[in-house]
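The values are calculated or read from the model by the stated rules, or taken from the named source; none is laboratory data. These numbers were taken from a predicted model, which means no experiment stands behind them. In this analysis, Cβ positions are derived from the backbone assuming ideal geometry, glycine residues included, and neighbour counts consider all displayed protein chains.
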Amino acid sequence: YGNDEVQQTSVQYMDEVDAQFQISAGLGLSILFASGDQGVWGRSGVGATYHPDFPAGSAWVTAVGGTDFQQKSVIGPESVWSCGGGGFSDTFARPAWQNTAVSTYLTNAGAAGVLPPAAYYNATGRAYPDVAALGGQVNPYCVGIKGGSFGGVAGTSASCPVVAGIFAQLNEIRVGAGKGALGFLNQLIYQNPQCFNDINDGSMNNCNKGTQGFATITGWDPATGHGSPNYACLAGVVAALA
């Protein structure tokens, strides 16, 4: 679920929802949202500025972007799904826990000459996605459909439950050891980038609009976040936590 920030009822509405996300995080709940399926331009389309998504742009949720396998039907290196949402919120400020990752991206992408025009986005806003998972159309998920046949589905609405399922399994490890659930995930994610498969094939999340989006580079980026989860690595990390 998600829409452009400019399509929401009001800033007050977003602030009130964001406050509830914060309360949920304080209660130990993990909340994940899809980053969107229209690239940097969102549902509003190409304009003077990019159109960031909400709730993905809330600092109290984990935003999940989309990837695809570089070679069709071969499980291996991933690329960004060009229509996966990502960018910088125009409503919510960048939280401290992602300062280092985002500042490094802005510096390195700027040095490489792959940053979009500065007027397109709010570089001080909450940056997203945080992570990503398979969601592209080259290798869609196969699902059963009415009538007994099968069809392919794609999008970050497919990526998000995959990541949610992974963290649910990680919570089982915690509970099985008599420990509490992980709760708010983003600080854990940003403190352990080694546990994600970095996506840096150079593609952009412009959704084939013929315009510039955010490029994938080494490390966190606003196309795929830290990348796709490495379950074995994360399992070791969460098992070691108090």
On the basis of being surrounded by fewer than 22 Cβ atoms within 10 Å (Cβ to Cβ), aromatic (Phe, Trp, Tyr) and in contact with a Ser or Thr (Cβ under 7 Å, 6 or more places away or on another chain), does Phe21 make the cut? yes
Tell me, which residue of segment 48-61 that is of a type in the set (Gly, Ala, Ser) and touching a helix residue (DSSP H, G or I) at 6+ places or on another chain (Cβ under 7 Å) is surrounded by the fewest Cβ atoms within 10 Å (Cβ to Cβ)? Ser58
Could you tell me which residue of segment 182-207 is surrounded by the most Cβ atoms within 10 Å (Cβ to Cβ), considering only residues that are in a loop (DSSP other than H, G, I, E, B) and at pLDDT 95 or above? Ile199
Cβ-Cβ under 6 Å, sequence separation 6+ or interchain: first residue in segment 187-206 and among the β-branched types (Val, Ile, Thr), partner in a loop (DSSP other than H, G, I, E, B) and surrounded by 20 or more Cβ atoms within 10 Å (Cβ to Cβ). Which pairs? Ile189/Asp130; Ile199/Thr216; Ile199/Thr224; Ile199/Gly227
Here's a check for you: in segment 75-104, which residue that is surrounded by fewer than 19 Cβ atoms within 10 Å (Cβ to Cβ) and among the polar types (S, T, N, Q) is farthest from Ser58 (Cα to Cα)? Thr104
For segment 35-68, give me each residue that is assigned to a strand (DSSP E or B), touching an Asp or Glu at 6+ places or on another chain (Cβ under 6 Å) and over 20 Å from Pro95 (Cβ atoms). Thr67
Unique residue being in contact with a Lys or Arg (Cβ under 7 Å, 6 or more places away or on another chain) and touching a residue at least 60 places away in the same chain (Cβ under 8 Å) when the list is Val64, Val80, Val102, Val114: Val102
Given (1) loosely packed, with under 15 Cβ neighbours inside 10 Å; (2) in contact with a Cys (Cβ under 6 Å, 6 or more places away or on another chain); (3) not hydrophobic (A, V, I, L, M, F, W, C), number of the condition Gln38 does not satisfy: (1)
Looking at segment 208-236, which of its residues are in a loop (DSSP other than H, G, I, E, B), surrounded by fewer than 21 Cβ atoms within 10 Å (Cβ to Cβ) and not β-branched (Val, Ile, Thr)? Asn208, Lys209, Gly210, Gln212, Gly219, Asn230
Is there any pair with a first residue in segment 123-149 that is over 26 Å from Pro229 (Cβ atoms) and a second that is surrounded by fewer than 20 Cβ atoms within 10 Å (Cβ to Cβ) and of a type outside the set (Ser, Thr, Tyr) whose Cβ atoms are under 8 Å apart and which are 6 or more apart or on different chains, and what are they? Ala123/Leu106; Thr124/Ala93; Thr124/Arg94; Ile145/Gly151
